[in-house]
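**Q** Please see the structure below; I have some questions.
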Amino acid sequence: MMMLAIVTGKSFNFHVIETLQNATEGEQLCREMSYDGLAILSSPEMYNYALTITHTLRASTTRGMYIGLKASTTRGMYIGLKYSPETAVTHWEDGTLPAADTPWKDATVAQEEFGLLFSAGLLRMTKGRYHRYALCGYQVQGSTAVGQQPTGVSSSLSVATAPSYMACVLLCGRDNQCRAAEFNSDLLTCILLGPGSYSGLTTFPSGTTFLRGGFQDVS
Ligand SMILES: *[C@@H]1O[C@H](CO)[C@@H](O)[C@H](O)[C@H]1NC(C)=O
């Protein structure tokens, strides 16, 4: 008997901006590159992944770089942590509150507006004025149907090659029409499906299908 599994969760992707800019400029650059904004590292997986992909850059950063006439520092990179003075709450940009075991640099978290992944990997809050690197991110929410593929497919948005299921999920996240993505681990193909373009799911051992969350029903 085939084991079928549906796993619900968030997938994420990050992009490192290797130029130096202040926090608001970093955030804007991320948006211009069609990321949600600065990266949210709210879960252990997100944080651990961010540590891995930023390792070289964090290790190479030094204090006391000068940019133009302004003393600046490349230490650390801006991430999507914010402090809202109105509510006096430090939160990730998607509204989630930092977990109790968040690896803060300081015992008392500064009430400053922008978050930073510091050079050694700990998190801290700053004013966001200094020019630093930035880490962009975006998330896509949905479920994973393992060993299943869509059935009754009437049309597809696109067919691409993808090295992994995760890459296929991210392709779906980048297309606002995408509602499901079928990854085939034998062919390494990723088929994106639009709203109403399939009727159900059927067992298929080398298939993994991403089912994106739809628009919230407010009717
Ligand atoms: C970043 O620089 C821009 C342009 O100089 C400025 O408008 C903005 O307020 C700065 N942001 C921070 C957080 O200092």
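The values are calculated or read from the model by the stated rules, or taken from the named source; none is laboratory data. What you see is a predicted model; the values in this text were computed from it and never measured. Here Cβ is always computed from backbone atoms with ideal geometry, including for glycine, and neighbour counts include all displayed protein chains. These area figures cover heavy atoms from the full protein model, side chains too; ligands, DNA and RNA do not enter into them. Shrake-Rupley method; radii C 1.70, N 1.55, O 1.52, S 1.80 Å.
**Q** Ordering 159, 153 from largest to smallest accessible area (1.4 angstrom probe), what's the sequence? The partial results should precede the final answer.
**A** Values: 159 95, 153 70 Å².
Largest to smallest exposure gives the sequence 159, 153.
**Q** Moving to a separate point now. Just reorder 198, 78 by solvent-accessible area, largest first, 1.4 Å probe, all chains present. Could you put the intermediate results ahead of the total?
**A** Values: 198 65, 78 0 Å².
Ranking 198, 78 by accessible area, largest first, yields 198, 78.
**Q** Using only Cα atoms, tell me the angle between helix 23-32 and the longest principal axis of the chain; keep it within 0 to 90° and round to the nearest 10.
**A** 20
**Q** OK, next. Angle between the Cα long axis of helix 44-60 and the longest principal axis of the chain, 0 to 90 degrees, nearest 10?
**A** Taking the Cα atoms of the chain, the angle to 44-60 is about 50 degrees.
**Q** Quick one: accessible surface of residue 75, probe radius 1.4 Å, all protein chains present, in square angstrom to the nearest 10.
**A** 70
**Q** Additional query: Enter the accessible area per residue of the chain (Å², integer; probe 1.4 Å; all protein chains in place).
**A** Values: 11700 Å² over 219 residues.
Using a 1.4 Å probe on heavy atoms only, each residue of the chain averages 53 Å².
**Q** 222 nm [θ] for the chain, helices only, -39500 (n - 2.57) per DSSP H run of 4+, per residue, to 500? It would help to have the intermediate numbers written out before the result.
**A** Details: 3 runs with 36 residues, N = 219.
My calculation for the chain gives -5000 deg cm²/dmol from helical runs alone.
**Q** If you don't mind, there's one more thing I want to ask. Counting pairs on different chains as well as pairs 8 or more places apart, how many Lys pairs in the chain have Cα atoms under 17 Å apart? Don't skip to the answer; put the middle values down first.
**A** Working: 70/127; 82/105; 82/127; 105/127.
Final tally of qualifying lysine pairs is 4.
**Q** In addition: Can you give the accessible area of residue 186, probe radius 1.4 Å, in Å² rounded to 10?
**A** Approximately 120 Å² of residue 186 is accessible to the 1.4 Å probe.
**Q** Also, I was wondering about something else. Give the carbon-plus-sulfur fraction of the accessible surface of the chain in %, rounded to a whole number; probe 1.4 Å, heavy atoms of protein chains only. Walk me through the intermediate numbers first.
**A** Values: 6410 of 11700 Å².
Taking all protein chains in place, the chain shows 55 percent carbon and sulfur surface.
**Q** Calculate, for residue 106 and residue 175, the FRET efficiency according to 1/(1 + (r/R0)^6) with r their C-beta to C-beta distance and R0 45 Å; round to the nearest 0.05. Working shown, then result.
**A** Working: r = 41 Å, r/R0 = 0.91.
Taking R0 as 45 Å, the efficiency between residue 106 and residue 175 is 0.65.
**Q** Hey, what did the range 108-219 get for relative contact order, percent, Cα under 8 Å, at least 6 apart? Don't skip to the end; give the middle numbers.
**A** On the way: 205 pairs, mean separation 32.8, N = 112.
Here the relative contact order equals 29 percent.
**Q** Let me check something: with ligands and nucleic acids excluded, how do 36, 101 order by accessible area (1.4 Å probe), largest to smallest? Write out the running numbers ahead of the final one.
**A** Working: 36 85, 101 125 Å².
Per-residue accessible area, sorted high to low, gives 101, 36.
**Q** Another question about this same structure. Does the range 141-212 classify as rounded, prolate or oblate by the C-alpha gyration tensor (a ≥ b ≥ c root eigenvalues; a/c under 1.5 gives rounded; else a/b over b/c gives prolate, otherwise oblate)?
**A** Numbers: a/c = 1.39, a/b = 1.04, b/c = 1.33.
Verdict is rounded for the range 141-212.
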